[in-house]
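Peer 1: One structure is given below, represented as structure tokens, and several questions about it will come after.
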Amino acid sequence: MTATGAGERFAAARAVADAVLFEGYVLYPYRASAAKNRLRWQFGVLVPPSWGEASGEHSCQRTEVLMEPRRGAVLHAELRFLHARRRRVQQALPGGGFADTGGLELADRVLTAWDEGVEERVTVEVPVAGLTAGHTADFTVAGREETEDVHEDGRLVGRLVHTREPLHGRVTLTAAELPGPYAALRLTAVVDNTAQAGPPADADRTAALPRALISAHLMLGLDAGRFLSPTDPPEWARGATAECANVRSWPVLAGRDGGADVVLASPIILEDHPAVAPESPGALYDALEIDEILALRTATLTEQEKREARGTDPRAAAVVDLAESMPPEVLERLHGAVRSLREVTGPGTPSGEVDLLVEPGTPWWDPGGDRTVDPDTDRVLVAGREVGAGSRVVLRPGLRRTDAQDVFLHGRSALVEAVLHDVDGGVHLAVTVDGDPGADIRREQGRFLYFQPDEVSPLEDV
């Protein structure tokens with residue numbers, strides 16, 4: 001696999017890797033002045049060692065994964081991270097020159113100080129046969145200062161000063177044979193921030209970010225052979241997989257078309273073969289919210305708030321423009337998707353979609369029209385006894401419950417009002433608690449408490 005071939009092999013993983021790279025880059029409402037945008041970058045931040053020791057932050061990341069390379073295989077590694085570029089705002093002085101200012105008010109945006117993220121890449125290519133002796137690749141990213149003039153109505157009103165500090169790091173790759181009859185290796189990839197200079201030990205986190213590797217993650221590729229899934233390995237490899245030590249790294253398979261020749265080692269938890277939802281209209285950077293909510297909220301920002309967001313970062317400006325220009329059919333597509341229906345239909349339809357042959361506006365499933373279920377007469381086995389509407393039970397909320405109210409209901413007797421089935425095949429018992437003065441109101445409104453069959457006991461068993 002040549003360097004070009006490696007890029008093609010990594011292409012399938014790159015969309016997800018980009019989402020990881022910019023995870024939480026700028027949060028709604030996308031303004032630098034927002035409180036939650038003042039503590040930036042929480043994932044994959046590798047700080048200078050001297051500052052990390054004093055602060056409790058970390059300077060290294062370790063990935064271990066099993067692989068079965070073929071003879072003559074070459075390993076390709078690509079380290080990706082963001083380089084903080086500190087932006088200062090200056091206004092033009094009447095007599096010439098510039099002076100720092102808190103912000104520039106322009107017609108379409110408000111420019112303020114901000115840390116921009118510039119993508120950096122470090123690539124390593126090494127024959128797998130040479131990894132038993134270890135391979136180390138040191139890298140340096142030069143610092144620089146750039147200026148950008150700001151004009152309005154054809155006149156110079158200020159400039160932006162972009163400053164990047166130098167970065168120093170190291171990628172160390174080693175491989176060791178697994179004991180036993182299988183021709184498998186344990187690959188260890190360590191990423192270190194090796195900066196000798198850093199902020200003073202008592203400096204805050206903001207001072208360390210310009211010399212940090214931010215959102216650091218690795219893509220690993222084999223040109224011949226495969227990686228074993230860290231979360232679902234073959235039975236013979238389960239013990240060796242459990243011994244893999246991944247520190248601030250979560251490796252998953254990410255090969256094209258479900259292949260196992262690429263691993264994405266992410267600073268956040270993912271599943272094998274992660275993918276960006278096809279309904280997503282574009283990057284919104286705030287992964288703590290869903291696209292629909294973000295798009296609606298962003299569209300309702302005031303004009304002043306939008307000006308501040310546009311001046312915060314070009315990516316924030318793009319989000320505002322996206323929300324303003326999103327057509328109704330795209331927004332409607334964000335309301336939800338039921339992918340399980342596409343999976344169970346198999347190849348029966350060319351597109352994999354289900355043709356329900358219903359009139360427009362008709363719900364895809366009507367519980368009142370489905371004669372295979374009846375909440376009033378359905379029964380379910382609990383501890384060998386049939387339980388249904390009219391049965392009396394004792395509530396035993398399970399450990400999966402997180403509502404503190406359930407602690408007070410444990411051991412209380414209740415009346416089963418209905419047996420309900422959800423679209424995923426789950427069964428739920430709707431109950432009213434004995435002695436509840438609002439039981440009649442609950443029945444009238446159909447607002448019950450719900451428990452699964454393994455969370456109740458038939459009262460006759462007590």
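Peer 1: Looking at (1) farther than 15 Å from Asp18 by Cα; (2) open to solvent by 40 Å² or more (accessible area, probe 1.4 Å), which is the only condition Val319 fails?
Peer 2: (2)
Peer 1: In the range 17-33, how many residues are open to solvent by less than 50 Å² (accessible area, probe 1.4 Å) and acidic (Asp, Glu)?
Peer 2: Total meeting the criteria: 1.
Condition check ((1) modelled with pLDDT of 95 or more; (2) within 24 Å of Ala309 (Cα to Cα)) across all residues:
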| position | (1), (2) |
| --- | --- |
| Gly72 | no, no |
| Glu78 | yes, no |
| Leu82 | yes, yes |
| Gly97 | no, no |
| Gly103 | no, yes |
| Ala107 | no, yes |
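Peer 1: Name the residues in the range 34-72 that are part of a helix (DSSP H, G or I), open to solvent by less than 30 Å² (accessible area, probe 1.4 Å) and touching a Ser or Thr at 6+ places or on another chain (Cβ under 7 Å), would you? Reasoning before the result, please.
Peer 2: Applying the first criterion (part of a helix (DSSP H, G or I)) to the range 34-72 yields 35-37, 49-55.
Right, trim to open to solvent by less than 30 Å² (accessible area, probe 1.4 Å) and you get 37, 51-52.
Result: Gly52, single match.
Peer 1: Then there's this: Does the range 207-218 contain any residue that is part of a helix (DSSP H, G or I), among the hydrophobic types (A, V, I, L, M, F, W, C) and crowded, with 18+ Cβ neighbours inside 10 Å?
Peer 2: Pass one, the range 207-218, residues part of a helix (DSSP H, G or I): 207-211.
Still in the running and among the hydrophobic types (A, V, I, L, M, F, W, C): 207-209.
Narrowing the set further to residues that are crowded, with 18+ Cβ neighbours inside 10 Å leaves 208-209.
There is at least one residue in the range 207-218 that is part of a helix (DSSP H, G or I), among the hydrophobic types (A, V, I, L, M, F, W, C) and crowded, with 18+ Cβ neighbours inside 10 Å.
Peer 1: Out of everything in the range 128-174 that is among the acidic types (Asp, Glu) and surrounded by 13 or more Cβ atoms within 10 Å (Cβ to Cβ), what residue ends up being farthest from His83 (Cα to Cα)?
Peer 2: Within the range 128-174, the first condition is being among the acidic types (Asp, Glu), and the residues that meet it are 138, 145-146, 148-149, 152-153, 165.
Then keep just the ones that are surrounded by 13 or more Cβ atoms within 10 Å (Cβ to Cβ); that gives 152, 165.
Working: Glu152: 29, Glu165: 9 Å.
Residue satisfying both the conditions and the ranking: Glu152.
Peer 1: Which one of these does Ala113 not meet: (1) at positive phi; (2) touching a strand residue (DSSP E or B) at 6+ places or on another chain (Cβ under 7 Å)?
Peer 2: (1)
Residues are listed down the side, and each one gets a yes or a no for (1) in contact (Cβ under 8 Å) with a residue 60 or more places away in the chain; (2) assigned to a strand (DSSP E or B); (3) within 30 Å of His168 (Cβ to Cβ); (4) not basic (Lys, Arg):
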site	(1), (2), (3), (4)
Ala77	yes, yes, yes, yes
His83	yes, yes, yes, yes
Gln90	yes, yes, yes, yes
Gly95	no, no, no, yes
Ala99	no, yes, no, yes
Asp108	yes, no, no, yes
Asp115	yes, yes, yes, yes
Val118	no, yes, yes, yes
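Peer 1: Filter the range 73-95 down to the residues that are within 22 Å of the chain's Cα centre (by Cα) and either open to solvent by 30 Å² or more (accessible area, probe 1.4 Å) or of a type outside the set (Asp, Glu) (or both) and list them by number.
Peer 2: Taking the range 73-95 as the starting set, the residues that turn out to be within 22 Å of the chain's Cα centre (by Cα) are 77-84.
Of everything in the range 73-95, those that are within 22 Å of the chain's Cα centre (by Cα) and either open to solvent by 30 Å² or more (accessible area, probe 1.4 Å) or of a type outside the set (Asp, Glu) (or both) turn out to be Ala77, Leu79, Arg80, Phe81, Leu82, His83, Ala84.
Peer 1: Mind checking which residues of the range 240-258 are of a type in the set (A, V, I, L, M, F, W, C) and either open to solvent by less than 50 Å² (accessible area, probe 1.4 Å) or without any contact (Cβ under 8 Å) to a residue 40 or more places away in the chain (or both)?
Peer 2: Of the range 240-258, the ones of a type in the set (A, V, I, L, M, F, W, C) are 240, 242, 244-245, 247, 250, 252-254.
Ala240, Ala242, Cys244, Ala245, Trp250, Val252, Leu253, Ala254, listed by residue number.
Peer 1: While we're on this one: In the range 395-429, what residues are under 35 Å from the mean Cα position of the chain (by Cα) and part of a strand (DSSP E or B)?
Peer 2: Leu420, His421, Val427, His428, Leu429, listed by residue number.
Peer 1: Can you pull out every residue in the range 411-460 that is touching an Asp or Glu at 6+ places or on another chain (Cβ under 8 Å), modelled with pLDDT under 90 and closer than 14 Å to Val380 by Cα?
Peer 2: Selection gives His421 alone.
Peer 1: I need the full set of residues from the range 170-184 which are touching an Asp or Glu at 6+ places or on another chain (Cβ under 6 Å) and not basic (Lys, Arg), in order please. Can you show your working first?
Peer 2: Residues of the range 170-184 touching an Asp or Glu at 6+ places or on another chain (Cβ under 6 Å): 170, 184.
Ala184 - this is the single residue of the range 170-184 that is touching an Asp or Glu at 6+ places or on another chain (Cβ under 6 Å) and not basic (Lys, Arg).
The values are calculated or read from the model by the stated rules, or taken from the named source; none is laboratory data. Bear in mind the structure is a predicted one, so any value in this text is a computation, not a measurement. Using ideal geometry, Cβ is built from the backbone for each residue, glycine included, and neighbour counts are taken over all protein chains shown. Note: accessible area is taken over every heavy atom of the protein model, side chains too, but ligands, DNA and RNA are not part of it. Shrake-Rupley method; radii C 1.70, N 1.55, O 1.52, S 1.80 Å.
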